[in-house]
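Here the structure comes first, spelled out in structure tokens, and everything after it is commentary.
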Amino acid sequence: MTVADGSQTRLAYVLETSPGIIPATPEWQTLRYVSETLALNKQTDIPDEITGGRDVTDIVDVGRSVTGGINTLLSYGTFDDLLAGLFCNDWNDDVLINGRMAKTFAFEKTFDLGASKAYDRYLGVRMNSLDLSFQAKQSVTANWNVMGLDVADPAAAIVVGAAYLPATTTPVLNAALNIGSLVLGGIAASPKLQSASITINNNIYANDIIGSYAPYSHGLGRFDCSGSVTALFESIDQYKAIIDHVDLSLALTLGAVANSRYTLTLEKIKGMNGNPQVSGNNRAVTLTMPFTAKYGPTIGASMKIERNVA
């Protein structure tokens with residue numbers, strides 16, 4: 001028998017026609033990823049019954065859903081569909097802002113078993129959260145978390161008429177050479193940042209009903225955008241902005257070549273905490289500031305992403 005190899009396992013997705021429904025003759029988009037934990041999440045109930053023998057009398061299957069994560073490295077054009085799903089909106093003239101449009105995907109894992117293949121499909125998948133991490137001299141990581149309705153039975157064949165689009169080949173972006181600008185606005189002197197992170201959370205929740213194993217639907221919660229920046233301590237401006245609780249902004253442009261760059265804009269953020277920290281000898285003093293974004297009237301949202309930036 002042939003044991004499936006991780007490096008030969010394909011992960012692909014397609015936008016569903018409606019939640020849980022794979023389109024006819026789907027064009028699956030092969031995804032670049034580092035690791036994944038997509039899984040059927042079974043909910044069981046062990047009845048608290050007493051029979052005198054101290055045994056478990058039953059294990060009841062009461063529900064199921066799809067949960068898990070997809071860990072990736074950011075590259076241009078690779079995740080635009082998933083970003084639209086995360087932001088619950090469509091790209092409009094290469095601009096994406098958070099909205100209220102529900103988008104669901106089907107994900108498929110293909111395992112190569114030598115003489116045969118196995119297909120594992122996850123249905124009604126919503127992009128629930130994304131963690132972006134920018135560290136000096138490292139690749140930019142983009143780790144996704146999803147919530148889905150159900151799984152299809154494991155299959156030994158593709159969906160009838162399915163095609164598979166190849167994965168993108170754009171370079172992996174890094175925080176050393178591919179950051180065009182990173183500006184913390186609203187203070188006199190924008191600090192030099194050693195690291196930054198942005199977390200987006202849709203706070204999706206399941207609507208469960210009697211008579212169904214799987215969730216009936218998913219509800220869309222508040223669009224929460226938060227993060228953290230760690231800066232070299234060169235002036236008191238950022239520290240004073242935290243104390244005074246003034247409005248700040250964060251803008252980041254990244255990409256390898258012109259017209260293949262993104263600009264991320266958080267028009268209004270608040271520094272939630274932070275003060276200069278001395279971590280020991282032979283190290284610079286730094287200031288780590290957790291932040292939370294709020295609605296920005298100019299962009300008309302909490303966060304904006306622009307693509308095809310020069």
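Rule-based calculations on the coordinates, nothing more; no lab input. Since we're looking at a predicted model, the values are computed, not measured. Cβ atoms come from the backbone with ideal geometry, glycine included; neighbour counts cover every protein chain shown.
Extension gain residue 272-residue 101, at 0.36 nm per residue separation less the Cα-Cα distance, in nm?
Values: separation 171, 0.36 × 171 = 61.56 nm, distance 2.97 nm.
Taking residue 272 through residue 101 to full extension adds about 58.6 nm, to one decimal.
Between (1) 218; (2) 154; (3) 617, which matches volume of the Cα convex hull per residue in Å³ calculated for the structure shown?
Evaluating volume of the Cα convex hull per residue in Å³ on these atoms matches (1).
When the convex hull of the C-alpha atoms of the range 79-140 is computed, what volume per residue in Å³ does it have?
Numbers: hull volume 8.8 nm³, N = 62.
Cα-based convex hull of the range 79-140, divided per residue, equals 141 Å³.
Only loop residues by DSSP count here, and only those with at most 12 other Cβ atoms within 10 Å; note down the GluC sites (Glu not before Pro) in the range 24-121 that meet that. Kindly include the intermediate steps, with their values, before the conclusion.
On the way: sites: 27, 36, 49, 108; in loops: 49.
Answer by residue number: 49.
Among 229, 172, 62, determine the one that fluctuates most according to a GNM of the chain built with springs between C-alpha atoms less than 10 Å apart.
Its mean-square fluctuation being the largest, the pick is 62.
Fewest first, what order do 28, 91 take by the number of other Cβ atoms within 10 Å? Write out the running numbers ahead of the final one.
Numbers: 28 21, 91 17.
Lowest to highest Cβ neighbour count: 91, 28.
Where the eigenvalues come from the Cα gyration tensor of the range 30-172, what are the semi-axes √(5λ) of the equivalent ellipsoid, largest first, in whole Å?
Numbers: eigenvalues 242, 85, 54 Å².
After diagonalising the Cα gyration tensor, the semi-axes are 35, 21, 16 Å.
Treating only the Cβ atoms of Lys and Arg (+1) and Asp and Glu (-1) as charged, compute the dipole magnitude of the chain about its Cα centre; round to the nearest 20 debye.
Dipole magnitude for the chain comes out near 980 debye.
From a point 7 Å beyond the Cα of residue 257 in the direction of its Cβ, which residues of the range 165-190 have a backbone N at a distance under 14 Å?
Hits in the range 165-190 for residue 257 at 14 Å: 169-172.
Would you kindly state how much longer the chain becomes between residue 207 and residue 80 on full extension, computed as 0.36 nm times their sequence separation minus their alpha carbon distance, in nm to one decimal?
Values: separation 127, 0.36 × 127 = 45.72 nm, distance 2.77 nm.
Full extension of this stretch gives 43.0 nm more.
In nm, give the distance between the simple-model label positions of residue 118 and residue 281, each being 7 Å from the Cα along the Cα-to-Cβ direction.
Output for this residue pair reads 5.6 nm.
Can you give the calculated 222 nm mean residue ellipticity of the chain, where each DSSP H run of n ≥ 4 adds -39,500 (n - 2.57) and the sum is split over every residue, rounded to the nearest 500 deg cm²/dmol?
Values: 2 runs with 16 residues, N = 310.
Estimated from H runs of four or more residues: -1500 deg cm²/dmol.
Extension gain residue 40-residue 67, at 0.36 nm per residue separation less the Cα-Cα distance, in nm? Mind showing how you got there, number by number?
Working: separation 27, 0.36 × 27 = 9.72 nm, distance 0.67 nm.
Going from the current span to full extension adds 9.0 nm.
Cα extents of the range 113-165 along the three principal axes, largest first, in whole Å?
45, 29, 19
Across bins of 5 angstrom width beginning at 0, how are the C-alpha pair distances of the range 207-289 distributed, in whole percent?
Values per bin, smallest distances first: 3, 11, 15, 14, 12, 11, 10, 8, 6, 5, 4, 1, 0.
Set the Förster radius R0 to 35 Å, insert the Cβ-Cβ distance between residue 59 and residue 138 as r into 1/(1 + (r/R0)^6), and round the FRET efficiency to 0.05. Could the numbers behind the result be given before it?
Working: r = 45 Å, r/R0 = 1.28.
In this case the efficiency is close to 0.20.
On the Cα set of the range 1-59, report Rg and Dmax in Å, please.
Using the Cα atoms of the range 1-59, the pair Rg, Dmax is 20.4, 57 Å.
Using only Cα atoms, what Kirkwood radius does the range 111-270 have, in angstroms? Provide the component values of the computation, followed by the final result.
Working: mean 1/r = 0.0512 Å⁻¹.
After inverting the pairwise mean of 1/r, the radius is 19.5 Å.
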